[in-house]
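Okay, structure first, notes after.
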Amino acid sequence: MEILTQYGTVLLILACVFGFFMAWGVGANDVANAMGTSVGSRALTIKQAILIAMIFEFAGAYLAGGEVTATIRKGIIASDVFNDQPELLVYGMLSALLAAGTWLMIASILGWPVSTTHSIVGAIVGFSAVGISMEAVAWGKVGSIVASWVVSPLLAGTIAFLLFRSVQRLILNTEDPFNNAKRYIPFYMFAVGWMIAMVTLTKGLKHVLKDAQIELSFLQDAGIAALVGLLVMGIGVTMLKRIKRDPARERENRFANVERVFAILMVFTACAMAFAHGSNDVANAVGPLAAIVNTVQTGAVGAKATMPSWILLLGGAGIVVGLATYGFKVMATIGRKITELTPSRGFAAELGAASTVVLASGTGLPVSTTHTLVGAVLGVGLARGIGALNLRMISTIAVSWVVTLPAGAGIAILFFFFFKGVFG
């Protein structure tokens, strides 16, 4: 307790710096892979993707990032372990932020799309198990996270595969792809609007609705989402009317005009993915920061920590800076190095990933945005045959996923004992 009184200001400054660094890593790695499909398919330029992400990630983080965040990330460790020595939680969360941020920086430099959630989970498990005790960790929870490595990419890949197959059957492999695109794409737009509204209602706005004491059932969520789907469909149909057939383009590529129609659809999916991602994953970056601030200010470990708005602002700013400065590496991996993406393929991948997030929310399965998107891109590639996939890149990504938990844990253990030595 004396340590928190003596070094409180220093610890808070370190927490803000490390929190910003971690949020930078989320932007450079996680947000980049959320936007990679749009950029890789050339539906958006990198500048447009960064602009959309800046607005919608920030809006998602700030509006729907959650007023209250559990201090101990999703029940991975027990808070009562730290009652006698609250400073240990502060050292631990500092080391978790710094370790996860460091690992995300390494992965981003190498262009590996890894999971923010798993980086921070690995870091928290590492310092708890080695620095506190093995009993401090809820190993069942860790097991379910490991299971999600397999489940989420498989599920997203299957949905994206089926979606792209439907695009092939209804539009691409027909006599008149352009007119069929104009006929069927409004229904895909409805699906995008509905699915993303469901992501936002079931995941993003969950905290906001709870604070307002509004309880919505799954059917009510689905009804509101259907209205949003119809609105998106209406806006989309208006935009589609502006696209006129260009015979010159079709002489070079039969599907050139069709892909222009799909590019409009991709603008919607990009905005929606950014908002849903911001509302969900920003809390990963700022949750430990809220825990440190709460513990230093009160001198005790609470099961819940209030999330001050300035912390969400700091997290949102870090994410935007990360994407703008270093997001291009992971964007290139997701968008170009797994399989060649066009707007029609990118749309199937993004909607497949979003659908998986909704299904996971409904069943309570812990999934990673990164894993779902990579799985969805793989599914789209498989729909064109195994030859369309870059198997060497896929094996590299798979290795980076497996390494993430132990890497986060190992780095966090080193930092934990360093902080304990310096302040303790």
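Answer with yes or no whether L51 is part of a helix (DSSP H, G or I), surrounded by fewer than 18 Cβ atoms within 10 Å (Cβ to Cβ) and modelled with pLDDT under 85.
Values: part of a helix (DSSP H, G or I): yes; surrounded by fewer than 18 Cβ atoms within 10 Å (Cβ to Cβ): yes; modelled with pLDDT under 85: no.
The answer is no for L51.
Here's the yes/no breakdown for (1) surrounded by fewer than 18 Cβ atoms within 10 Å (Cβ to Cβ); (2) assigned to a helix (DSSP H, G or I); (3) modelled with pLDDT of 85 or more:
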site	(1), (2), (3)
F190	no, yes, yes
K203	no, yes, no
V208	yes, yes, no
L219	yes, yes, yes
Quick one: A283 ticks every box in (1) touching a helix residue (DSSP H, G or I) at 6+ places or on another chain (Cβ under 6 Å); (2) modelled with pLDDT under 85; (3) crowded, with 22+ Cβ neighbours inside 10 Å; (4) assigned to a helix (DSSP H, G or I) except a single one, so which number is it?
(1)
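If you scan the stretch 403-424, which residues turn out to be assigned to a helix (DSSP H, G or I) and either in contact with a Cys (Cβ under 8 Å, 6 or more places away or on another chain) or at pLDDT below 85 (or both)? Step through it out loud before you land on a result.
From the stretch 403-424, those assigned to a helix (DSSP H, G or I) are 403-423; that's our starting set.
Matches in the stretch 403-424: F423 only.
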Within the stretch 158-173, is even one residue surrounded by fewer than 21 Cβ atoms within 10 Å (Cβ to Cβ) and not in a helix (DSSP H, G or I)?
yes
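Return the residues of the stretch 359-377 that are surrounded by fewer than 24 Cβ atoms within 10 Å (Cβ to Cβ) and either among the hydroxyl-bearing types (S, T, Y) or at pLDDT 85 or above (or both); say none if nothing qualifies. Before the answer, list the steps.
Residues of the stretch 359-377 that are surrounded by fewer than 24 Cβ atoms within 10 Å (Cβ to Cβ), as a first pass: 359-366.
S361, T363 - these are the residues of the stretch 359-377 that are surrounded by fewer than 24 Cβ atoms within 10 Å (Cβ to Cβ) and either among the hydroxyl-bearing types (S, T, Y) or at pLDDT 85 or above (or both).
Is there a residue in the stretch 321-336 that is among the aromatic types (F, W, Y) and surrounded by 24 or more Cβ atoms within 10 Å (Cβ to Cβ)?
Pass one, the stretch 321-336, residues among the aromatic types (F, W, Y): 326, 328.
If we keep only those that are surrounded by 24 or more Cβ atoms within 10 Å (Cβ to Cβ) too, we end up with none.
No.
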Among (1) surrounded by 24 or more Cβ atoms within 10 Å (Cβ to Cβ); (2) modelled with pLDDT of 80 or more; (3) assigned to a helix (DSSP H, G or I), which single condition is L341 missing?
(3)
Can you tell me how many residues within the stretch 86-125 are modelled with pLDDT of 90 or more, among the aromatic types (F, W, Y) and under 17 Å from S368 (Cα atoms)?
1
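The values are calculated or read from the model by the stated rules, or taken from the named source; none is laboratory data. Because the structure is predicted, anything quoted here is derived from the model rather than measured. Positions of Cβ are backbone-derived with ideal geometry, glycine not excepted, and every protein chain shown enters the neighbour counts.
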